[in-house]
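The values are calculated or read from the model by the stated rules, or taken from the named source; none is laboratory data. Keep in mind the model is a prediction, meaning the values are calculated, not measured. Positions of Cβ are backbone-derived with ideal geometry, glycine not excepted, and every protein chain shown enters the neighbour counts.
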Amino acid sequence: MAKLITSDHWVDVRQGLVEREIFSDRAVYELELQKIFGRAWNFMCHESQITKPGDYFMNAIGEEQVIVVRGRDEAINVLLNSCPHRGNSVCRAEQGNTRSFFCSYHGWNFALDGRLIAVPGSDKYYGDQLDFDEWGLTRVPRVESYGGFVFACLDNDAPSLHDFLGWVGRLGIDQIAGKGEMVIVDGIQKNRIHCNWKLAVDNLFDWYHPKVSHQSAIQAGVLTEEALFPMDQMVLLGEYGHAIGGPGLSPARLAESEEKHRQLVAEGGTSRRHWRSNPASREALGSAGVRSRGHPNIFPNVWITQDGSQLCLRLPKGPVETEIWWFTLVEKSMTEDERRRVIQAATHFFGPAGLLEQDDGENWSHSTRGSIGRVARRKPLNYSMRSGLDEVTVGPDGQKSIETVVNEHAQLWTYRCWEEWMTAESWPDLIAHHSPEPTDAI
């Protein structure tokens with residue numbers, strides 16, 4: 001049983017150590033459902049998936065299954081998929097269009113905004129005493145969008161989505177939205193892995209493992225060692241646990257990319273590869289954001305891939321099981337051939353059949369197993385790489401970055417913030433006591 005005590009019990013920031021019990025302990029997991037997923041803004045869907053009234057998409061907040069649906073008034077509602085009569089599901093399909101939600105157990109019927117609108121025999125069986133206003137579907141109280149990405153929050157005390165994301169979280173989305181009008185391809189790839197959800201999250205910042213774990217991709221000539229193990233790293237750390245970690249462009253390489261963009265424009269051409277190099281993108285992304293080529297994670301569990309063509313959710317299904325959802329994004333203006341190439345690449349590298357994901361999933365599963373044994377868990381995990389060796393650079397626009405080699409700054413930051421969520425009693429407590437973005441040595 002985990003001891004829910006002082007703030008340094010699970011994470012020792014000074015030494016870069018993380019206790020193994022957080023990856024398998026049931027009490028820790030139950031607290032996560034309450035204090036993290038129950039309070040954070042959780043990604044629901046992209047607006048392109050619910051364009052018409054009645055369009056819906058099924059998702060989850062922690063282990064609460066929810067329906068994201070476009071109402072008749074065009075508003076987006078998020079409803080718990082549970083009939084208040086006996087708890088039965090009122091929606092079984094993962095995505096679709098409907099005029100209402102119907103419980104197949106006793107026939108209760110609900111409007112797109114969750115209101116109870118019909119009950120068989122309400123006059124005869126209930127004597128007209130059933131309060132329809134009280135017995136509708138439970139609505140998630142906070143629903144907001146940023147850049148076309150819909151989020152929901154169960155906690156009324158939470159800050160706005162904009163403030164929760166901060167500049168680092170917003171940057172992760174801006175790097176996709178800035179490419180143009182985006183749509184999500186129908187058909188979300190889903191699979192389950194026997195691992196703790198946090199290990200699947202922290203791996204996205206890890207550029208130490210690819211040369212070892214993904215050696216088969218290098219030997220097959222699918223990817224180069226330089227692409228999998230870039231030494232030029234840029235880390236961006238945001239409030240509440242958001243972070244971006246991975247390759248970064250030096251000012252010289254950015255200038256080279258901008259020159260290529262200018263030449264293409266002068267010749268009357270376009271290049272999706274160099275879209276960040278145009279003046280509008282530079283202004284929107286900022287001095288550090290425009291040079292970042294890493295993987296963003298929007299806390300707690302939203303991974304956006306390096307090129308912005310995929311988004312991944314790591315949904316907890318118990319302390320040692322995680323459901324992985326892969327969304328593929330394409331620009332609406334793409335030709336069919338361009339669209340097909342993006343989808344083919346997305347399927348090839350990540351997802352259940354992905355060349356890289358299969359390597360990663362095997363590692364996460366065994367790492368989770370290594371946190372269960374009572375003897376093994378006595379020694380904490382080491383996240384100390386580059387700790388105390390790097391400095392934070394502050395750009396002219398205030399954006400803060402760490403420019404270094406392969407490191408574990410973003411992983412340790414994630415666990416540091418995770419513990420602050422877990423020990424805070426409320427959103428006001430978290431706001432008052434969370435770690436600010438680092439501004440000097442790290």
So, of the residues in region 372-385 that are basic (Lys, Arg) and without any contact (Cβ under 8 Å) to a residue 24 or more places away in the chain, which turns out to be surrounded by the most Cβ atoms within 10 Å (Cβ to Cβ)?
ARG378
Looking at GLY87, is it surrounded by fewer than 13 Cβ atoms within 10 Å (Cβ to Cβ), on the phi > 0 side of the Ramachandran plot and in a loop (DSSP other than H, G, I, E, B)?
yes
Which numbered condition GLU32 misses (of (1) in the same structural domain as PRO319 (by TED's automatic domain parsing); (2) farther than 20 Å from PHE164 by Cβ; (3) not small (Gly, Ala, Ser)):
(2)
Can you spot a residue in region 315-331 that is of a type in the set (Lys, Arg), under 27 Å from GLY38 (Cβ atoms), at pLDDT 95 or above and not in a loop (DSSP other than H, G, I, E, B)?
no
From the set of residues in region 148-192 that are in contact with an Asp or Glu (Cβ under 7 Å, 6 or more places away or on another chain) and hydrophobic (A, V, I, L, M, F, W, C), which is farthest from ARG39 (Cα to Cα)?
MET182
Say whether the condition of being of a type in the set (A, V, I, L, M, F, W, C), at pLDDT 95 or above and over 30 Å from the mean Cα position of the chain (by Cα) is met by at least one residue in region 55-76.
no
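Rundown of residues vs (1) touching a strand residue (DSSP E or B) at 6+ places or on another chain (Cβ under 6 Å); (2) among the aromatic types (Phe, Trp, Tyr); (3) closer than 21 Å to TRP303 by Cα, yes/no style:
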{"residue": "GLY221", "(1), (2), (3)": "no, no, no"}
{"residue": "PHE229", "(1), (2), (3)": "no, yes, yes"}
{"residue": "GLN233", "(1), (2), (3)": "yes, no, yes"}
{"residue": "GLY241", "(1), (2), (3)": "no, no, yes"}
{"residue": "GLY246", "(1), (2), (3)": "yes, no, yes"}
{"residue": "LEU254", "(1), (2), (3)": "no, no, no"}
{"residue": "SER257", "(1), (2), (3)": "no, no, no"}
{"residue": "LYS260", "(1), (2), (3)": "no, no, no"}
Looking only at region 181-211, count how many residues are outside any helix (DSSP H, G or I), of a type in the set (A, V, I, L, M, F, W, C) and within 28 Å of GLN49 (Cα to Cα).
6
For LEU389, are the conditions met, namely being surrounded by fewer than 18 Cβ atoms within 10 Å (Cβ to Cβ), out of contact with any Pro (no Cβ under 6 Å at 6 or more places or on another chain) and either at pLDDT 95 or above or more than 29 Å from ALA288 (Cα to Cα) (or both)?
yes
Hey, among ALA27, ALA40, which residue is at pLDDT 95 or above, surrounded by 22 or more Cβ atoms within 10 Å (Cβ to Cβ) and among the hydrophobic types (A, V, I, L, M, F, W, C)?
ALA40
Filter the strands (runs of 3 or more DSSP E) completely within region 224-310 down to those with at least 3 residues that are out of contact with any Lys or Arg (no Cβ under 8 Å at 6 or more places or on another chain), at pLDDT 90 or above and crowded, with 22+ Cβ neighbours inside 10 Å.
243-247, 295-298
In region 324-338, what residues are touching a residue at least 60 places away in the same chain (Cβ under 8 Å) and surrounded by fewer than 17 Cβ atoms within 10 Å (Cβ to Cβ)?
LYS332, SER333
For region 102-180, please list each of the strands (runs of 3 or more DSSP E) lying entirely inside it that holds at least 1 residues being modelled with pLDDT of 95 or more, surrounded by fewer than 17 Cβ atoms within 10 Å (Cβ to Cβ) and not charged (D, E, K, R).
116-118, 142-146
Counting only residues in region 303-342 that are small (Gly, Ala, Ser) and touching a helix residue (DSSP H, G or I) at 6+ places or on another chain (Cβ under 9 Å), the one nearest to VAL183 (Cα to Cα) is identified as SER309
